[in-house]
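Here's the structure we're looking at; comments come further down.
The values are calculated or read from the model by the stated rules, or taken from the named source; none is laboratory data. Worth saying up front: this structure is predicted, and the values here are computed from it rather than measured. Heads up, the Cβs are rebuilt from the backbone with ideal geometry, glycines too, and the neighbour counts pull from every protein chain shown. When the accessible area is computed, the model is the full protein with side chains, heavy atoms only, and any ligands, DNA or RNA have been set aside. Shrake-Rupley method; radii C 1.70, N 1.55, O 1.52, S 1.80 Å.
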Amino acid sequence: QVQLVESGGGLVQPGGSLRLSCVASGSIIRINTMGWYRQAPGQQRELVATITSGGATNYGDFVKGRFTISRDNDKNTVYLQMNSLKPEDTAVYYCNANIVLPGGHAPYWGQGTQVTVSS
C-alpha cells in the first residue's frame, strides 16, 4: 500500500506565501517524477509543477516565476514553495508521484490540501 499525505495548505492573503509538503510512504523501491496539480470546484485539474528524480523541473504557465518545486529523495518528500499568491491560485492542491513498487510502477495521488487566497 502506498500513501501520499499533503500538508501546508491554508488561508493566506494576496501576495503572501505558503509551502506545501507531500510525503510518500509504503513498499517503495523508488520514486520517479513527482508533482503538484490543482483543481478548483467545477474546473479541470491542471498542472502546477513536476520534478524528476534527477531534479529537472517543469511548471505550469500560470505559476512560473512564483512557485518553486523541490524534493528530498531520502525522505520521499516533494515540496512546493508558493510566493506572490493570487486569488486565482485558490484550489485544492494534489500531490502526484510515479512510484516503483515490487510488483510494478504506477501513479499515485494524495487526498489534497486546500489553499485559499483571500481577495
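I'd like the residue in the range 84-106 that is polar (S, T, N, Q) and not in a loop (DSSP other than H, G, I, E, B) and, out of all such residues, is farthest from residue 7 (Cα to Cα). Please lay out each step first, then the result.
Initial filter on the range 84-106 (polar (S, T, N, Q)): 84, 90, 96, 98.
Next cut, not in a loop (DSSP other than H, G, I, E, B) only: 96, 98.
On the way: 96: 13, 98: 19 Å.
Ranking the qualifying residues of the range 84-106, first place goes to 98.
Name the strands (runs of 3 or more DSSP E) wholly within the range 26-83 that hold at least 1 residues that are in contact (Cβ under 8 Å) with a residue 60 or more places away in the chain? Break it down into steps so the answer makes sense when it comes.
Values: elements: 30-39, 46-51, 57-59, 67-72, 77-82.
Because the criterion is at least 1 residues that are in contact (Cβ under 8 Å) with a residue 60 or more places away in the chain, the strands (runs of 3 or more DSSP E) in the range 26-83 that meet it are 30-39, 77-82.
Does residue 69 satisfy the criteria of being over 14 Å from residue 109 (Cα atoms), touching a Ser or Thr at 6+ places or on another chain (Cβ under 7 Å) and among the β-branched types (Val, Ile, Thr)? Lay out the reasoning, then the answer.
Details: over 14 Å from residue 109 (Cα atoms): yes; touching a Ser or Thr at 6+ places or on another chain (Cβ under 7 Å): yes; among the β-branched types (Val, Ile, Thr): yes.
Judged against the criteria, residue 69 is a match.
Of 80, 85, 47, which residue is at pLDDT 95 or above, closer than 17 Å to residue 115 by Cβ, of a type in the set (A, V, I, L, M, F, W, C) and surrounded by fewer than 19 Cβ atoms within 10 Å (Cβ to Cβ)?
Working: 80 fails: surrounded by fewer than 19 Cβ atoms within 10 Å (Cβ to Cβ); 85 fails: surrounded by fewer than 19 Cβ atoms within 10 Å (Cβ to Cβ).
After ruling out the rest, the residue left standing is 47.
Filtering the range 22-44 down to residues that are hydroxyl-bearing (Ser, Thr, Tyr) and surrounded by fewer than 17 Cβ atoms within 10 Å (Cβ to Cβ), which residue is farthest from residue 76 (Cα to Cα)?
That would be 27.
Starting from the range 85-109, take each residue that is closer than 19 Å to residue 65 by Cβ and list its partners that are of a type in the set (Gly, Ala, Ser), counting only C-beta distances under 6 angstrom and pairs at least six apart or across chains.
Pairs that qualify, where the first residue is closer than 19 Å to residue 65 by Cβ and the partner is of a type in the set (Gly, Ala, Ser), are 85/16; 87/119; 91/40.
Would you please list the contacts, defined by Cβ atoms under 7 Å and residues six or more apart or on different chains, that run from a residue in the range 11-24 that is touching a residue at least 24 places away in the same chain (Cβ under 8 Å) to a residue that is open to solvent by 70 Å² or more (accessible area, probe 1.4 Å) and β-branched (Val, Ile, Thr)?
So the pair list comes out as 22/5; 23/5.
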